[in-house]
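The values are calculated or read from the model by the stated rules, or taken from the named source; none is laboratory data. From a predicted model like this one, the values you see are computed outputs, not experimental measurements. Because the Cβ atoms are built from the backbone with ideal geometry, glycine has one as well, and the counts that use them run over all protein chains shown. The area values use the complete protein model at the heavy-atom level, side chains included, leaving out ligands, DNA and RNA. Shrake-Rupley method; radii C 1.70, N 1.55, O 1.52, S 1.80 Å.
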Amino acid sequence: MKIIMLGAPGAGKGTQADKICAKYNIPHISTGDIFRANIKNNTELGQKAKSYMDKGLLVPDELVVDLVVDRVKADDCKNGYVLDGFPRTIPQAEALDKALEASGDKVDYAINVEVPDENIISRMSGRRACIACGATYHIVHIPTKVEGICDKCGAELVLRDDDKPETVKKRLDVYHEQTQPLIDYYTKKGVLNEVDGTKDMEEVFGAIVKILGA
Ligand code: ADP
Ligand code: ADP
Ligand code: ZN
């Protein structure tokens, strides 16, 4: 089962990807998490990516495509995976399709988590992220058991640098311009499914499980 999560920044892609991966026991591949881990470890890739991420811009395709294409060839991906935050541009989607075709594979489901722009800014200002394990929470909607501490791994939570309202506005513009066209792309491929991301977390997950048919 090869699944792609689509949706605006803050729509809930990561939250739902985590739940899908736990239920179906497949890996969660988040390009944002990969970049943040590289930034934390101060790698060359991290330094390059950070200069774009801080501005709310996409990291150039050439820095992300090979990384994902290699990752999905790993052993743990043979029963499927959830891609969260990739592809984000048409060239990324084409590169993924080409790589999958080469091994007789294809994307099975593209799930678009639909949330209007008006809801996004407040979601993002309440988001708290665990840089250690990638989990995300919301101070009002999805609180942790202990304030500021990750339920899953015990590390301290942070407000991401790029979740400030000015940067979120820029990221939304970038989303509409560069990523939203993927909805058409995957509709034409016959694999697009929409869920209403304004519903509560469990309700959204219920709709996704129905789509995945299990
Ligand atoms: P969100 O969870 O808000 O959608 P992500 O964690 O997926 O954000 O991504 C954070 C940032 O990392 C993006 O704003 C972008 O700069 C960069 N990034 C992540 N994935 C990609 C990608 N596939 N292509 C280009 N840039 C990416
Ligand atoms: P994305 O990966 O699309 O950027 P996240 O999964 O990180 O989005 O979710 C963005 C923020 O919204 C987080 O603070 C998360 O806890 C919260 N959130 C996720 N799903 C819901 C939901 N259904 N209702 C309310 N808040 C949610
Ligand atoms: Zn954690």
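From the list 170, 164, exactly one residue is open to solvent by 30 Å² or more (accessible area, probe 1.4 Å) and in contact (Cβ under 8 Å) with a residue 60 or more places away in the chain. Which is it? Before the answer, list the steps.
Details: 164 fails: in contact (Cβ under 8 Å) with a residue 60 or more places away in the chain.
Exactly one of 170, 164 is open to solvent by 30 Å² or more (accessible area, probe 1.4 Å) and in contact (Cβ under 8 Å) with a residue 60 or more places away in the chain, namely 170.
Of all residues in region 34-84 being acidic (Asp, Glu) and within 25 Å of residue 108 (Cβ to Cβ), which is surrounded by the most Cβ atoms within 10 Å (Cβ to Cβ)? Write out each step before concluding.
At the first step, the residues of region 34-84 found to be acidic (Asp, Glu) are 44, 54, 61-62, 66, 70, 75-76, 84.
The next check asks that each one be within 25 Å of residue 108 (Cβ to Cβ); those that pass are 61, 66, 70, 75-76, 84.
Values: 61: 16, 66: 12, 70: 10, 75: 5, 76: 12, 84: 25.
Among them, the one singled out is 84.
If I filter region 5-25 down to residues being touching a residue at least 24 places away in the same chain (Cβ under 8 Å) and over 15 Å from the mean Cα position of the chain (by Cα), which single residue comes out as surrounded by the fewest Cβ atoms within 10 Å (Cβ to Cβ)?
25
Suppose we filter region 120-150 for residues that are loosely packed, with under 15 Cβ neighbours inside 10 Å and modelled with pLDDT of 95 or more; how many remain?
Number satisfying all stated conditions: 5.
Quickly run through region 140-158 and pick out the residues that are part of a loop (DSSP other than H, G, I, E, B) and in contact with a Lys or Arg (Cβ under 6 Å, 6 or more places away or on another chain).
Filtering region 140-158 down to residues part of a loop (DSSP other than H, G, I, E, B) leaves 140-141, 143-148, 150-155.
The answer is 151, and nothing else.
Just give me the residues in region 132-145 being in contact with a strand residue (DSSP E or B) (Cβ under 9 Å, 6 or more places away or on another chain), more than 8 Å from ligand 2 (Cβ to nearest atom) and within 15 Å of residue 18 (Cβ to Cβ), in sequence order.
Scanning region 132-145 gives 132, 134, 135, 144.
Looking at region 175-187 only, could you name the residues that are buried (at least 16 other Cβ atoms within 10 Å of the Cβ) and farther than 15 Å from residue 93 by Cβ?
The answer is none; no residue qualifies.
Which condition does residue 3 not pass, out of (1) farther than 15 Å from residue 89 by Cβ; (2) in a helix (DSSP H, G or I); (3) away from ligand 2 (no atom under 12 Å from the Cβ), if it passes all the others?
Here residue 3 meets the rest and fails (2).
Give region 86-108 a look and list any residue that's out of contact with any Pro (no Cβ under 9 Å at 6 or more places or on another chain), within 15 Å of ligand 1 (Cβ to nearest atom) and part of a loop (DSSP other than H, G, I, E, B), or say none.
The answer is 86, 87, 88, 107.
Could you list, in sequence order, the residues of region 1-32 that are β-branched (Val, Ile, Thr) and within 16 Å of ligand 3 (Cβ to nearest atom)? Full working, then the answer.
Pass one, region 1-32, residues β-branched (Val, Ile, Thr): 3-4, 15, 20, 26, 29, 31.
15, the sole residue that qualifies.
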